[in-house]
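Everything below concerns the one structure shown next.
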Amino acid sequence: MSATQATWYQIENINELDTPALILYPERIKENIIILKGFINDVTRLRPHVKTHKCIEVTSLMLDAGISKFKCATIAEAEMLAMSGAPDVLLAYQPVLTKIHRFINLVKNYPSTGFSCLIDNVQSAAMISEEAEKAGIIISVFVDVNIGMNRTGILPAQVLDLYAACSSLKGIITKGLHAYDGHIYNPDLAERTMECHEAFKDIEPLTQKIIAQGYCQPVVVAGGTPTYPILAQMQDVECSPGTFIFWDEGYGSLFPDLPFLPAALVATRVISVLDDYTLCIDMGHKAIAAENDLDKRVVFLNAPGVQFISHSEEHLVIRTPEKHEFTINDVLYGLPVHICPTCNLYASADVINNHQATNSWKIIARDRKINY
């Protein structure tokens with residue numbers, strides 16, 4: 001590895017940044033978008049999930065690359081996309097009660113964006129239908145199909161009945177199927193491919209049955225990042241990877257066949273030197289996603305092999321494998337194991353161009369509510 005490759009992440013004016021800091025590398029983000037497009041035959045089949053970045057500027061980079069469809073999980077993410085000028089937004093969540101009202105407000109206040117959402121039962125469909133009819137609008141819905149994730153959705157055998165029930169409801173139109181395979185994360189590509197095909201074996205026959213019943217050709221939105229290259233080879237499937245945009249240590253270790261680049265790090269500083277092997281840094285639970293075991297939360301690019309001793313709200317104590325030369329204020333560059341919840345911890349991110357921190361981007365959709 002060349003010196004340039006080894007130090008791509010270093011920031012020359014790092015002393016201007018407070019820590020802990022989420023730091024983004026736009027050129028790497030752009031490269032990840034290029035890699036994403038290289039897997040698929042038609043950019044209109046891309047519907048990236050924005051749960052990872054939650055950011056207008058990153059959305060703009062994808063829009064500039066010709067991507068026009070997006071997927072999200074929260075009302076704030078949906079509004080962020082509309083604020084970005086995204087033409088087509090799928091809320092991959094089933095809104096209930098107040099979320100239905102918030103969603104309808106989005107539809108009414110951002111008329112240039114086409115919105116849709118998920119359903120997996122008649123009761124929810126009826127509630128959405130009633131509120132949409134009151135508001136004088138039509139909402140497109142996707143039937144959420146459970147293909148093994150066992151979190152939301154209905155079994156393929158139940159889809160036609162829900163389609164039929166929805167056809168009699170005013171205020172909604174059933175647009176297609178949503179099938180998320182987040183349970184598939186086999187590191188072996190061949191085995192992951194078999195598992196993916198097994199999970200989706202009922203989807204194509206189901207679409208034919210839907211057409212045979214006289215409904216329009218259903219749009220199928222499917223998958224995440226691990227199965228993206230597999231689903232990209234299928235026809236008539238919109239693919240919705242998300243983590244690809246920033247990448248992280250978790251996916252990078254599990255899926256070496258995916259060539260995406262780390263494009264987001266967390267910078268942290270040494271705040272206490274306990275001894276020749278032990279340091280305390282300002283990377284607590286509030287700075288890095290802490291849902292995994294202690295040793296699976298972050299890796300440090302310029303301090304490989306460190307052992308994690310303790311982690312609390314504002315501190316992380318680490319032990320180096322050999323005597324260290326770190327001093328107070330030294331910076332460690334951490335690659336999160338799970339970047340998505342890590343981004344959600346930050347109101348903004350520092351943007352790095354040519355090794356310089358030049359400006360910041362708001363992680364605007366990490367808030368529960370923006371305007372609506």
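Evaluated against (1) in contact with a Lys or Arg (Cβ under 7 Å, 6 or more places away or on another chain); (2) in a helix (DSSP H, G or I); (3) over 25 Å from T98 (Cα atoms); (4) not polar (S, T, N, Q), A190 falls short on exactly one condition, (1). K54: among the basic types (K, R) and either surrounded by fewer than 22 Cβ atoms within 10 Å (Cβ to Cβ) or under 20 Å from E238 (Cβ atoms) (or both), yes or no? No. Here L279, L261 are screened, and the one residue that is under 16 Å from the mean Cα position of the chain (by Cα) and either assigned to a loop (DSSP other than H, G, I, E, B) or modelled with pLDDT of 95 or more (or both) is L261. Residue pairs whose Cβ atoms lie under 6 Å apart, separated by 6 or more positions or on different chains, with the first residue in region 192-213 and on the phi > 0 side of the Ramachandran plot and the second in a helix (DSSP H, G or I) and exposed (fewer than 13 other Cβ atoms within 10 Å of the Cβ), do not occur.
Pairs linking a residue in region 274-298 that is closer than 16 Å to P321 by Cα to a residue that is among the hydroxyl-bearing types (S, T, Y) and buried (at least 16 other Cβ atoms within 10 Å of the Cβ), with Cβ atoms under 8 Å and 6 or more positions apart or on different chains, are Y277/T320; T278/T320; L279/T320. Where helices (runs of 4 or more DSSP H) fall wholly inside region 69-180, the ranges with 1 or more residues that are under 26 Å from T59 (Cβ atoms) are 75-84, 98-109, 122-135.
Looking at region 1-67, the helices (runs of 4 or more DSSP H) lying wholly inside it that each contain 1 or more residues that are touching a strand residue (DSSP E or B) at 6+ places or on another chain (Cβ under 9 Å) sit at 26-38, 56-64. Residues in region 305-319 that are under 27 Å from the mean Cα position of the chain (by Cα) and either of a type in the set (A, V, I, L, M) or modelled with pLDDT under 95 (or both): L316 alone.
The single condition among (1) more than 19 Å from I119 (Cβ to Cβ); (2) buried (at least 22 other Cβ atoms within 10 Å of the Cβ); (3) in contact with a Pro (Cβ under 6 Å, 6 or more places away or on another chain) that Y185 does not meet is (2).
If you check Y25, Y9, Y93 for being farther than 18 Å from C239 by Cβ and touching a Ser or Thr at 6+ places or on another chain (Cβ under 8 Å), only one passes: Y93.
Matching residues to (1) surrounded by 15 or more Cβ atoms within 10 Å (Cβ to Cβ); (2) outside any loop (DSSP other than H, G, I, E, B):
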{"position": "N302", "(1), (2)": "no, no"}
{"position": "S310", "(1), (2)": "no, yes"}
{"position": "G334", "(1), (2)": "yes, yes"}
{"position": "Y346", "(1), (2)": "yes, no"}
{"position": "V351", "(1), (2)": "yes, yes"}
{"position": "W361", "(1), (2)": "yes, yes"}
{"position": "R368", "(1), (2)": "no, no"}
{"position": "N371", "(1), (2)": "no, no"}
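Here A287 does not qualify as small (G, A, S) and outside any loop (DSSP other than H, G, I, E, B).
The values are calculated or read from the model by the stated rules, or taken from the named source; none is laboratory data. Just so we're clear, the structure is a prediction, and the values are computed from it rather than from any experiment. Every residue, glycine among them, receives a Cβ derived from its backbone with ideal geometry; neighbour counts consider all protein chains shown.
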